[in-house]
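To start, the structure itself, in structure tokens.
We did not get these values from a lab; they are worked out from the coordinates using the rules stated. If you're wondering where the values come from, they're calculated on a predicted model, not measured in any experiment. When we count neighbours, we look across all protein chains shown, and the Cβ atoms used for this are built from the backbone with ideal geometry, even at glycine.
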Amino acid sequence: MDGTAQDWWERAACAAPGVNPDVFFPPSRAPKSWDREAKRICEACPVTVHCLRAAFDASGAHGVWGGLNAWERFKRGGPRPPCDSHNGRRV
Ligand code: SF4
């Protein structure tokens, strides 16, 4: 193991103490900028590539992974995003 592929989540910026995991998932009636804080955290994350690859491999990935929300991943060839049952928007 090279210390990057299998244990990437241990170095995730979102796993740091004090990070609110809720910011990575859209609230009901989410405003257009709901993912701003999550993306700010992802920008400083050392394992963004691993995270994004995992999101592309996981058809049910929801919220922000690798600095992209589900719709942005879909536009780049990722799995179709879930539909937000609260407001009918893709998130
Ligand atoms: S890229 Fe973002 S969502 Fe992925 S592990 Fe890093 S901080 Fe978490």
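Things worth noting here:
- Selection count where residues are outside any helix (DSSP H, G or I), touching a His at 6+ places or on another chain (Cβ under 9 Å) and among the aromatic types (Phe, Trp, Tyr), scope region 1-34: 1
- If you go through region 24-53 and pick out every residue that is among the hydrophobic types (A, V, I, L, M, F, W, C) and either more than 10 Å from the ligand (Cβ to nearest atom) or within 10 Å of the chain's Cα centre (by Cα) (or both), you end up with 8.
- Residues located in region 52-70, provided they are closer than 14 Å to Phe25 by Cα and surrounded by 15 or more Cβ atoms within 10 Å (Cβ to Cβ): Ala55, Ala61, His62, Gly63, Val64, Trp65, Gly66, Gly67, Leu68, Asn69, Ala70
- Residue list for region 9-43, filter: of a type in the set (Asp, Glu), closer than 13 Å to Gly63 by Cα and surrounded by fewer than 14 Cβ atoms within 10 Å (Cβ to Cβ): Asp22
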